[in-house]
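Just so you know, all these numbers are worked out from the coordinates, no wet-lab data involved. Predicted, not measured: the structure shown is a model, and the values here were computed from it. Cβ placement follows ideal geometry from the backbone for every residue including glycine, while neighbour counts extend to all protein chains displayed.
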Amino acid sequence: MPTQRQLADQIINQAMVARQHDDEAELDDCLSLLITGPGGAAGLQVVNRALLTYLLHEVEQAWRRGWQPAELVRVARREHAARHGRLMIDVIAAQMRGYAAATVDPPWQSQLTSLDATVWWEHDDHYPTVWGERQGLDRSAVIAIMIDMCYLLATLPPIEQVGPMPGTARPSRTAPPADLDQRILDRVRALLAKAESTDFPEEAEAFTAKAQELMARHRIDHALLIAATGEREQPITRRVGIDNPYEAPKTLLLQVVAAANSCRAVWSKRFGFSSVVGFPADLESTELLFTSLLVQATRAMTQAKPSTDRYGRNTTRSFRQSFLTAYASRIGERLEAATGEVDQELADSAQAAQFLPVLAARDDAVRDVFNQQFPELTQQTTTINNRAGWASGRAAADQASLHGRESVTPR
């Protein structure tokens, strides 16, 4: 006869098969057995440990397929509900117990800190019970959510690996460039915070323009420093979450900001993130500017008041969709024009022969990595069906313009 643990594992596996084949009757039978436990009350803790063990295994497998902590929580919330995301955080925290902090990549560690992923329960055998009490759920609801998460994790497709898995990270040797990055980026963050907080468009424009100027200088200084030190820096991939509502225009804004900072971005619609390829310092600049412009765009969008159409219907959604699309399009035009000005300044400078080949080689490296990671892409069009929203969005982008920057030749 199989043991209680073997029975519990068999029931979980059968539940996964039932979910795969949309067999609701079989799934209900499996859930009932897991709720009561094989062999009655004595089997409840056996089921608890079997479910948590299954989740821990699938989380590790998801990491091997390229997923990171924040992305797993995001997809749990998108595919199901907030409670599923909270369960995912706990499972991630439990899985991380097996890794020394020194072997966890800093960006990965930052995600864990942001998620507040900590083991707050005392015994794994009791975890589903105490988690249900904390969430105000009975056992049947807890078991259903855990099976949801088991199936979600088991069926996630592979995505691009963007950093070392926990247990394999090694200390970075690029301390001098990192120190330079931190000084500049702290100043950029301060300027963008001022741009986001002011109620005066002219001030926001000035702060944002100065921040973009610093980032442009920073990109050149960083590239030349890397070349001078002989470091072999390579492009990497970073994934940026894109949340509802209005995902399409938001990802368009990220794409134009990425292009202005010598990066490339592609959107994964189902999972709610964009993958951005570039050098680390340029990725940092891209994310900083995108976040700030999105804050400014959202504030301007909510201040603009859409009207009803001639039939009396509310046009808020179409207005805001068109607003953000126009905003992203106009920002892209302005960033492209600004990039052209910077390129001309570089070409006319006395040091052009020194740094232009370096920057060109970095652009080629980003393109090659991007094409290798994403050889097949599909384009998605965005429909504009609100003229007032489009006009307001372009006007708001003009107020967030990035003109007025000073020369960006190296000092």
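Over all projection directions, the Cα-based convex hull of region 42-184 averages an area of 9.9 nm².
Estimate the FRET efficiency between Ala144 and Gln344 by the formula 1/(1 + (r/R0)^6), using the beta-carbon distance for r and 51 Å for R0, to the nearest 0.05. Given R0 = 51 Å and the Cβ-Cβ separation, E is 0.25. For the pair Gln303 and Arg65, the difference between a 0.36 nm per residue extended length and the Cα-Cα distance amounts to 81.4 nm. Residue order for Arg362, Arg5, Arg83, fewest other beta carbons within 10 angstrom first, comes to Arg5, Arg83, Arg362.
Computed 3J(HN,Hα) for region 355-371, one whole-Hz value per residue from the Karplus formula 6.51 cos²θ - 1.76 cosθ + 1.60 where θ = phi - 60°, is 9, 4, x, 5, 5, 5, 5, 5, 4, 5, 5, 5, 4, 5, 5, 4, 5, glycine and proline marked x. For Phe273, nonlocal amide neighbours, meaning residues 5 or more places apart or on other chains whose placed amide H falls under 5 Å from its own, are Ile242, Ser268.
The length gained by stretching the chain between Trp120 and Thr155 to full extension, at 0.36 nm per residue less their Cα-Cα distance, is 9.8 nm.
Estimated at 0.36 nm per residue, the fully extended path between Thr129 and Asn244 surpasses their Cα-Cα distance by 38.1 nm.
Could you tell me the calculated FRET efficiency between Ala352 and Arg232, based on Cβ-Cβ distance and R0 = 25 angstrom, to the nearest 0.05?
With R0 = 25 Å, the Cβ-Cβ based efficiency is 0.55.
A protection proxy built from the mean count of other Cβ atoms within 10 Å ranks the segments 187-197, 118-128, most packed first, as 187-197, 118-128.
Compute the distance in nm between two label points, each set 7 Å from the Cα along the Cα-to-Cβ direction, one at Arg317 and one at Ala190. Going by the 7 Å Cα→Cβ label model, 4.4 nm. May I ask for the net charge around Ala248, where only other residues with Cβ less than 15 Å from the Cβ of Ala248 are counted and Lys, Arg are +1 while Asp, Glu are -1? Once positives and negatives cancel, what remains is +3. Backbone amide hydrogens, once placed in the peptide plane, bring Ile236 within less than 5 Å of Gly278, Phe279, excluding anything fewer than 5 places away on its chain.
Here the 3J(HN,Hα) profile of region 248-263, calculated from phi with Karplus coefficients 6.51, -1.76 and 1.60 at θ = phi - 60°, is 4, x, 5, 6, 5, 4, 4, 5, 6, 5, 4, 4, 5, 10, 6, 10 Hz, Gly and Pro shown as x.
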